[in-house]
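Take a look at the structure set out below.
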Amino acid sequence: MLPNGIIEPIRLKFKNQLPEEFLEELQNNAQFIKLKKGEILFSNYTKKNQTFVIIEGSLVRFITTPQGEDRATMFHTETFFPMIGSSVTEKESSDLSYYIIANENAQLVEFNRDFAIYCVEKYSFLAKTTFLTTIEQLQTHHLIQNHLIALSSIDFFQWFLKHYSFIFGQFQSQDIASFMGITPAWFSKLKRRTIQK
C-alpha cells in the first residue's frame, strides 16, 4: 500500500486528470520503494512481472556481456524513461544478464503487470496516456540508438550533450562512457575537446 503523501504528487503530475477511483486502487495495489545510491532495484533474476515508476531520483540500466563486462544501456529519471520493469526490458529469447541500479537515492512506485493491464483496460485516460508515452519513449530510444550507431564518438558526444544535457549533469561520466562504448579516459578527452570549442 502507498503512503498518503505519494498520491498527491501523482495527482499533480497528471494535472488532476486521473480519476479518484484509480488513485484509490493504485494506493491499495502498489508499494512505495526507497533505494540508496548503488542499490540494485532488480535484475533478470528477480522481480518478475513487476513494473516501477520513478517518483524521484535516477537509475541506470546495465547489461553484462558474455565477457563479463557491464555496459550501461539506458538512463532513467522521473521524466526520462520513468517506467521500468522486467515486463518492459525482458524477452525470453535474450541470453544476456541485466540489472538496474540507483544512480542516486531514489523513490519509486511498484505494482505488478496484472494490475497495470487491469487499469489500462478500465481507465480510458490511462490507456491513452500509456499509449502516447510508449510511442514517445520508443521514438526517443530509437533516435538515441540510431545516432549512437551512426556517428563517431565525438559527433555522438556533441549531439547527445546538445539534446540531453541533463544526463551529463545527473549521471556519472564512467556510466555515460560505458553507454557510448568508450573508455572513461577517451570520454574525458571528448569532454575537454568539446569545452575548448
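In table form, for the structure just shown:
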{"item": "Segment 13-25 residues that are touching a residue at least 60 places away in the same chain (Cβ under 8 Å), paired with ones that are part of a loop (DSSP other than H, G, I, E, B) and open to solvent by less than 90 Å² (accessible area, probe 1.4 Å) (beta carbon under 7 Å, 6 or more apart)", "result": "19/123; 22/123"}
{"item": "Tally, over segment 127-147, of residues that are loosely packed, with under 12 Cβ neighbours inside 10 Å, within 15 Å of the chain's Cα centre (by Cα) and over 20 Å from residue 116 (Cβ atoms)", "result": "2"}
{"item": "All positions within segment 8-22 that are assigned to a helix (DSSP H, G or I) and of a type in the set (A, V, I, L, M)", "result": "10, 12"}
{"item": "Top-ranked residue of segment 15-40 - restricted to ones that are open to solvent by 60 Å² or more (accessible area, probe 1.4 Å) and over 30 Å from residue 62 (Cβ atoms), ranked as nearest to the chain's Cα centre (by Cα)", "result": "15"}
{"item": "Residue that is surrounded by fewer than 14 Cβ atoms within 10 Å (Cβ to Cβ) and farther than 19 Å from residue 54 by Cα, where the choices are 191, 122", "result": "122"}
{"item": "Residue match in segment 170-178 (condition: at pLDDT 95 or above, part of a helix (DSSP H, G or I) and aliphatic (A, V, I, L, M))", "result": "yes"}
{"item": "Tally, over segment 23-55, of residues that are modelled with pLDDT of 90 or more and either more than 23 Å from residue 170 (Cβ to Cβ) or not in a strand (DSSP E or B) (or both)", "result": "13"}
{"item": "Residues of segment 97-143 satisfying the condition of being in contact with a Ser or Thr (Cβ under 7 Å, 6 or more places away or on another chain) and hydrophobic (A, V, I, L, M, F, W, C)", "result": "106, 111, 116, 120"}
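The values are calculated or read from the model by the stated rules, or taken from the named source; none is laboratory data. Being a predicted model, the structure only gives us computed values, none of them experimental. Positions of Cβ are backbone-derived with ideal geometry, glycine not excepted, and every protein chain shown enters the neighbour counts. Please note that ligands, DNA and RNA were not included when accessible areas were found on the heavy atoms of the full protein model with its side chains. Shrake-Rupley method; radii C 1.70, N 1.55, O 1.52, S 1.80 Å.
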